[in-house]
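The values are calculated or read from the model by the stated rules, or taken from the named source; none is laboratory data. Since this is a predicted model, take the numbers as computed values, not measurements. Glycine gets a Cβ as well: all are built from the backbone with ideal geometry, and neighbour counts include every protein chain shown. Just the protein is used for accessible areas: all its heavy atoms, side chains included, with ligands, DNA and RNA removed. Shrake-Rupley method; radii C 1.70, N 1.55, O 1.52, S 1.80 Å.
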Amino acid sequence: MKIGWSPEQVSIRLPIDHPGNDISYEAIYQFVYAQIDRYNSGKAKEGCEDLRPYLPRRHTRRQTKGFRQARKMYLPALPSIENRPAIVDKRTRIGDWEDDTMVSRQSPDRLKTINERVSGIVLIGKMREGTISESNRVVHERLGKIPKEIRRTLTRDRGMENLGYQEIEKELNISCYFARAYCSQDRGSNENVNGLIRRFFPKKTDFRKVSDEEINRAEFLLNSRPRKRHRGKTPLEVLLERTGVAITY
C-alpha cells in the first residue's frame with residue numbers, strides 16, 4: 001500500500017507472488033480501520049500505525065465519488081469519438097490511447113497523462129505551460145518511443161491545448177478523436193488514471209517543484225501495480241505478453 005497499491009490489488013496479487021496465501025481486500029480495509037481509535041482521538045491506537053493515508057482516496061471513512069463541474073467551450077469542428085472505429089470500444093487490441101492534462105493553480109506547469117486502454121500502461125510528461133506546442137511536444141516525446149504498430153488511435157478532450165492534433169497525427173501516424181463535450185465517460189480510463197496520479201501529486205501541488213525523477217517513479221509504480229481486470233498481472237507484464245514490447249525504468 002505504501003508504494004501505491006490498493007487493498008484490492010494487494011489481494012489479487014498475493015496468490016501470484018506467494019502461492020497458497022490469500023486475503024480479501026475487505027479484510028485489509030477492516031484491518032486498516034481497526035487500528036484507529038474512532039471514539040476518542042480519531043488517531044491510531046497506541047502501538048498501531050495509521051495506514052489510511054495509503055488508501056486510494058485517503059478518506060478517514062469511505063465516501064462516494066464527486067463530480068467535476070463542466071466548462072462551456074466553443075471550439076471548431078473536431079474528429080468526433082462517434083467516428084472512431086468500433087473495435088476501440090471492444091478493448092481487444094493494444095494501441096488505442098487516451099490523454100489529458102492535469103493542471104494546478106499553484107503553477108503554470110502541468111502534467112500530460114497518456115494511457116493505453118487495454119494494457120493500462122500510463123505515460124506521464126511535464127508541460128511547462130498550457131500551450132498547443134507544449135502539449136504536442138510531450139505527446140510526441142512520450143508516444144514517439146512506443147512502436148508505431150501499437151500507435152493506432154488517441155482519444156482526447158476538447159481542451160485548447162489539444163487542438164494541434166493534426167500535427168500529432170502526422171508525426172506519430174496516429175488517428176486522433178475527441179470526446180463529446182461534457183462526457184468524461186468517453187475517456188473513463190484516463191479519468192481513473194488521473195485519480196491515481198493525484199495520489200502522488202495531490203491538488204495544489206506546485207508542478208514546478210516536481211522533478212522528472214519523481215514523475216518517472218510515479219509512472220513506474222502505476223505500471224507495475226497488479227490489476228484486477230488482468231487477474232493480478234501488471235500493465236508492464238500485459239504489454240510484454242501481448243506485444244513483446246518491454247518498457248524499462
- Message: I'd like the accessible area for T248, computed on protein heavy atoms only with a 1.4 Å probe and all protein chains in place. Round to 10 Å², please.
- Response: 120 Å²
- Note on the structure: Whole-percent carbon and sulfur contribution to the accessible surface of the stretch 117-175 (1.4 Å, no ligands, DNA or RNA) stands at 44 percent
- Message: How much accessible area per residue does the chain have, counting only protein heavy atoms and a probe of 1.4 Å, in square angstrom?
- Response: 58 Å²
- Which value at 222 nm does the chain reach when only helices count, each DSSP H run of 4 or more adding -39,500 (n - 2.57), with the total divided by all residues and rounded to the nearest 500 deg cm²/dmol? -9000 deg cm²/dmol
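Could you tell me what a quarter of the Cα convex hull surface of the stretch 174-249 works out to, in nm² with one decimal place?
Values: hull surface 28.4 nm².
Projected over every direction and averaged, the Cα hull of the stretch 174-249 covers 7.1 nm².
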- Item | Computed accessible area, S24, all protein chains, 1.4 angstrom probe, square angstrom | 60 Å²
- Could you tell me which GluC sites (Glu not before Pro) in the stretch 78-145 are loop residues by DSSP with no more than 14 other beta carbons within 10 angstrom of their beta carbon? E129
- Compute, for C48, the solvent-accessible surface of its heavy atoms (probe 1.4 Å) with the complete set of protein chains present, and express it in square angstrom to the nearest 10. 50 Å²
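State whether the chain is rounded, prolate or oblate according to the following rule on the C-alpha gyration tensor (a ≥ b ≥ c being the square roots of its eigenvalues): a/c under 1.5 gives rounded; otherwise a/b larger than b/c gives prolate, and the remaining case gives oblate. The partial results should precede the final answer.
Values: a/c = 2.00, a/b = 1.50, b/c = 1.33.
Taking the square roots of the gyration eigenvalues as a ≥ b ≥ c, the chain is prolate.
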- Message: Using 24 Å as the Cα-Cα cut-off, could you pick out the over-long pairs in K148/K209; K90/K233; K43/K233; K2/K45?
- Response: K148/K209; K43/K233
- Global geometry of the stretch 117-222, whether rounded, prolate or oblate, following the gyration tensor of its Cα atoms and the 1.5 cut on a/c: rounded
- Query: What percent do you get for the relative contact order of the chain when only Cα pairs under 8 Å and 6+ apart count?
  - Reply: 20 percent
- Message: Given R₀ = 51 Å, what would the calculated FRET efficiency be for E82 paired with E46, taking r from the Cβ atoms and rounding to 0.05?
- Response: 0.30
